[in-house]
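Single-structure report; data block below.
The values are calculated or read from the model by the stated rules, or taken from the named source; none is laboratory data. Predicted model, so just to flag it, every value in this text is computed and none were measured. Using ideal geometry, Cβ is built from the backbone for each residue, glycine included, and neighbour counts are taken over all protein chains shown. Only protein heavy atoms, including side chains, enter the accessible area calculation; ligands, DNA and RNA are left aside. Shrake-Rupley method; radii C 1.70, N 1.55, O 1.52, S 1.80 Å.
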Amino acid sequence: MPDSPHVPADPGPDPAVDESRLEQLISQAQTALPVELPALANQCASALGLGTAQIYLADLQQWLLIPLDEALEPLSVDHSSAGWAYRTVAPRVVDADDGLIVWMPLVDGAERLGVLAVRTASLDGPLMRRSRMLAHLFAMLITSKRAYSDWLAARTRTAPMRLPAEMLRAFLPPRTIGSRRCVSTAVLEPAYDIAGDAFDHSVVKNVLHTMILDGMGHDLTAGLTTSVAMAAARNTRRGGGDLIDVVGSVDQALAQWLPDHFCTGVLCRLDAETGVLRWVNCGHPAPLLIRDDRVLAGALDSPPQPPIGLAGPLFPVARQVHETKLEPCDCVLLYSDGVVEARDENGAEFGLDRFTDFIIRSNAAGQRPAEVLRLLIHAILDYQRNHLRDDATILLFEWCPPNP
């Protein structure tokens, strides 16, 4: 795949900024259709004294950077300068035949969206700042418009999506969320054929809520089960409920609306100011705590509790909430059994040791959490020759409070 976009030659930027034109374009951007964003990016770049600009979004599996301009070709995330900017969340400047290309990461908070290719005849401090400002603007525009744009959703797909996956993905939050104190990121495969697995994460003031679910079965009803579970959890969180209230509401919702179905899951609540972590494990693999590049064996184990939806008459005892205190830069891993049970052609499991070793080595190499999980889920897919027998979901959150 080509490393630079095929865009028209840049006649050379005007160093002056047309402020009135830029103001007009920003106002226009609020009502622009998503399909109009490529042209709008070029117009804004010109108003900033730059050359041209092209928007690339990561595909659903984060293999490719796909241009919104349908005349251009995708770029590889792993083997291009654009991909380097995406992977590292840092600008990359490369020579072009008629000037320079600045690859700027498109980031919404902690969520990597893609990259912006800014073509310019020359580059200095002010032009670099304008390129960064342009990337910030279009990251916000893409985030606001993709919530209702089927075109943007379709543009980032590389295969047909089955109905259960379509339904479940409508409920999923962004892959990555975060603040100055904590980051949560997740991946889920098979991207176009998921059914029962799901993740959720949300920030309520200074509290991070995370959840991973694994619904019974692998069909539309499994996806419906986890969708109802997520809706019930969000409804209670948004109503001010605590962790035990959230778990109870999900139990009740499944018992009422889908009495013959259940899901396993782990629900967590992290106070991002104090590092106090509370969690409930409902029949799911125990979370893992990584500290100082090693797994603290059994640190987040807890007595078994039934899956969500089986409480009540079958389990009259109240759910147990467990608590621990994290240390700065601790990582917590939630995962579904499809991750460690992936098998190679000889039947050997990917396994928990390989899973945790990959995380630790990637962290030690300085990879960002979202990039760690991108690489890991690709390694799991490769291990099973891109044909997972079960959904594989991983959620990682990290507590890194600022130094006092």
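A simple spin-label model places pseudo-atoms 7 Å from Cα toward Cβ; at ALA159 and SER144 they are separated by 3.5 nm.
Accessible surface comparison of TYR192, TYR148, probe 1.4 Å, protein chains only, largest first: the order is TYR148, TYR192. When only Cα pairs under 8 Å and 6 or more residues apart are kept, what is the percent relative contact order across the chain? Dividing the mean separation by the residue count of the chain yields 13 percent. Note the angle between two axes, namely the Cα long axis of helix 352-364 and the longest principal axis of the Cα atoms of the chain, as a number of degrees from 0 to 90, rounded to the nearest 10. Between the helix axis and the principal axis of the chain, the angle is about 40 degrees. Annotation for ARG180 and GLU323: the two label points, set 7 Å from Cα along the Cα-Cβ direction, are 2.6 nm apart.
For ASP330, nonlocal amide neighbours, meaning residues 5 or more places apart or on other chains whose placed amide H falls under 5 Å from its own, are TRP399. In this view, the solvent-accessible surface of GLU36, computed with a 1.4 Å probe and all protein chains in place, comes to about 90 Å². Largest accessible area first, the listed residues ASP95, ASP337 line up as ASP95, ASP337 when surface is computed with a 1.4 Å probe on the assembled protein chains. For the range 26-84, the Cα-based Rg and Dmax, in that order, read 12.9, 37 Å.
Size descriptors for the chain, from the alpha-carbon set: Rg then Dmax equal 22.5, 74 Å. Going by accessible surface with a 1.4 Å probe and the largest first, TRP257, TRP151, TRP63 read TRP257, TRP63, TRP151.
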